[in-house]
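Submitted below is the structure of interest, expressed as structure tokens.
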Amino acid sequence: IASTSSRVILSSATETGSAEKGGGSGGRVAASVSDKDILSKTSSSSSSSSPKPPAQALDTNPPKGTRDFYPPDMRLRTWLFSQWRDVAALYGFSEYDAPVLESESLYTRKAGEEVTQQLYNFVDKGERAVALRPEMTPSLARMVMAKKGGLNLPLKWFSIPQCWRYERMTRGRRREHFQWNMDVWGVSGIEAEAELLSAMVTFFEKVGLTSEDVGIKVNSRLVIGEVLTELGVSEEKFAATCVLVDKLEKVPLDAIQGELEELGLDRSVVEKLTSVLTNKSIESISAVLPPDSEAVKQLTQLF
């Protein structure tokens, strides 16, 4: 604004000075106007300077892996988010949010240093290692811990965060996305899972989707833990093994062979575990777990 105003003022002053001189009114004349050689001086100065390189054309595409939301797209997104918010409110959940920029250590503590390969991470001007959030759960955990037990349990919170992951793009998978998170804290029983599954089904029905259109996958940490115990895998390796199993959704088993060896795991362990996790009935899971399996009891209660 200041630059624009200055140009207007200079233009106005030059025109006024020229008019005053041409009219012979004897008014004060700007030096640039009274100097008859100003044009030649200007031309000489301009010709001696090196020519400026041509300006690079502006790339009108958004950064790779991201997208623009034009009004029609925004209307659709707003409609979808409103459906999520309506269902969350129906089940008594409160909305929260957190910064899209978090400390990098928030994610490396959970998944190790290798997770940085999948992060949009950098060191800021204050020499702090930060990252754009790839998921919301670590931020939620940080927020709950920050209150030092000052929150009334159970918590029923939801969010619709934009998340960022620096990954190889595939069809329908970009490097940024929105997701609907619903979390329950402080409920030890299976009731929390039942409520969340009910909310999911309510949303699908609300937008006209049925079991003919979509399916719901349920993971059980108890099932994974009991299978690993049966296979002789120690509890200390539980988290690292789960990370490797998650990778199998994106890469073949051969791609993580080196990591398996670092953990001291045989290939057969992961093959056995994945075969159990892909079972689609409680009966088939019961066949490979102990008769008094707590995991089977929970799944039976849930379904």
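Return the residues of the stretch 79-114 that are within 24 Å of residue 156 (Cβ to Cβ) and of a type in the set (Val, Ile, Thr); say none if nothing qualifies.
Of everything in the stretch 79-114, those that are within 24 Å of residue 156 (Cβ to Cβ) and of a type in the set (Val, Ile, Thr) turn out to be 87, 100.
Quick check: is even one residue across the stretch 204-216 polar (S, T, N, Q), over 26 Å from residue 274 (Cα atoms) and free of Cβ contacts under 8 Å to residues at least 60 places away in the same chain?
Checked the stretch 204-216: at least one residue is polar (S, T, N, Q), over 26 Å from residue 274 (Cα atoms) and free of Cβ contacts under 8 Å to residues at least 60 places away in the same chain.
Here is a yes/no grid of residues against (1) over 14 Å from residue 266 (Cα atoms); (2) among the hydroxyl-bearing types (Ser, Thr, Tyr):
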position: 211; (1), (2): yes, yes
position: 220; (1), (2): yes, yes
position: 236; (1), (2): yes, no
position: 241; (1), (2): no, yes
position: 249; (1), (2): yes, no
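Among the listed residues 103, 82, 159, 94, which satisfies the condition of being of a type outside the set (Phe, Trp, Tyr) and within 26 Å of residue 237 (Cα to Cα)?
Exactly one residue qualifies, and that residue is 103.
On to the next question. Of everything in the stretch 150-200, what is free of Cβ contacts under 8 Å to residues at least 40 places away in the same chain, open to solvent by less than 50 Å² (accessible area, probe 1.4 Å) and assigned to a strand (DSSP E or B)? Give them in sequence order.
Scanning the stretch 150-200 gives 155, 163, 184.
Working only within the stretch 207-250, note down all residues that are more than 23 Å from residue 296 (Cβ to Cβ) and in a loop (DSSP other than H, G, I, E, B).
The answer is 207, 208, 209, 210, 211, 212, 213, 214, 248, 249, 250.
Take the conditions farther than 20 Å from residue 94 by Cα, touching a strand residue (DSSP E or B) at 6+ places or on another chain (Cβ under 7 Å) and of a type in the set (D, E, K, R) and apply them to residue 167. Does it pass?
no
Do you know which residues across the stretch 74-126 are polar (S, T, N, Q), part of a helix (DSSP H, G or I) and either more than 17 Å from residue 202 (Cβ to Cβ) or free of Cβ contacts under 8 Å to residues at least 12 places away in the same chain (or both)?
78, 82, 105, 108, 116, 117, 118
The values are calculated or read from the model by the stated rules, or taken from the named source; none is laboratory data. The shown structure was predicted, so the numbers you read here are calculated from the model rather than taken from an experiment. With ideal geometry, Cβ positions are generated from the backbone for all residues, glycine too; neighbour counts draw on all protein chains shown. Accessible surface areas use protein heavy atoms only, side chains included; no ligands, DNA or RNA. Shrake-Rupley method; radii C 1.70, N 1.55, O 1.52, S 1.80 Å.
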